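Below is one structure; the comments refer to it alone.
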Amino acid sequence: MNAIESARAAIARSPHEEDLLTLQRLLHALEAEEPFDLERLYALGFDRFELAMGVLRDWRLAQYYSAATRHGQRLAAGRLPGTALS
């Protein structure tokens with residue numbers, strides 16, 4: 001299970017735990033592309049902080065692959081400047 005799934009599962013089990021509320025806010029901010037105050041992460045316990053770092057890693061990796069896929073699709077369709085297919 002990746003960190004995002006682990007965080008969501010933990011939130012579902014204990015939705016009112018303060019550390020998990022912070023993780024929920026982090027997930028929402030990432031998904032909605034909204035700002036998140038990173039100082040909130042400093043208040044997390046060590047295990048929850050590590051989970052938050054895992055969420056950030058997984059989210060970043062997903063964004064990278066998503067962008068690479070979109071780029072590859074545009075390239076294949078000949079929609080990138082200087083890449084017209086004949």
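The values are calculated or read from the model by the stated rules, or taken from the named source; none is laboratory data. All values derive from a computational prediction rather than experimental measurement. Backbone-built Cβ (ideal geometry, glycine too); neighbour counts: all protein chains shown.
For (1) in contact with a strand residue (DSSP E or B) (Cβ under 9 Å, 6 or more places away or on another chain); (2) surrounded by 13 or more Cβ atoms within 10 Å (Cβ to Cβ); (3) in a helix (DSSP H, G or I), each residue gets a yes or a no:
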| residue | (1), (2), (3) |
| --- | --- |
| 5 | no, no, yes |
| 12 | no, no, yes |
| 15 | no, no, no |
| 23 | no, yes, yes |
| 28 | no, no, yes |
| 34 | no, no, no |
| 44 | no, yes, no |
| 50 | no, no, yes |
| 57 | no, yes, yes |
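Contact map, the stretch 15-34: first residue without any contact (Cβ under 8 Å) to a residue 24 or more places away in the chain, second residue surrounded by 14 or more Cβ atoms within 10 Å (Cβ to Cβ) and among the aliphatic types (A, V, I, L, M), Cβ cut-off under 7 Å, separation 6 or more or different chains; pairs are 24/11. Looking at the structure I just gave you, is residue 61 surrounded by 11 or more Cβ atoms within 10 Å (Cβ to Cβ), at pLDDT below 95 and assigned to a helix (DSSP H, G or I)? Criteria met by residue 61. Could you list, in sequence order, the residues of the stretch 18-28 that are over 9 Å from the mean Cα position of the chain (by Cα) and hydrophobic (A, V, I, L, M, F, W, C)? 20, 21, 23 - these are the residues of the stretch 18-28 that are over 9 Å from the mean Cα position of the chain (by Cα) and hydrophobic (A, V, I, L, M, F, W, C). You will find that of 29, 10, the residue that is touching a helix residue (DSSP H, G or I) at 6+ places or on another chain (Cβ under 8 Å) and at pLDDT 95 or above is 10 and no other.
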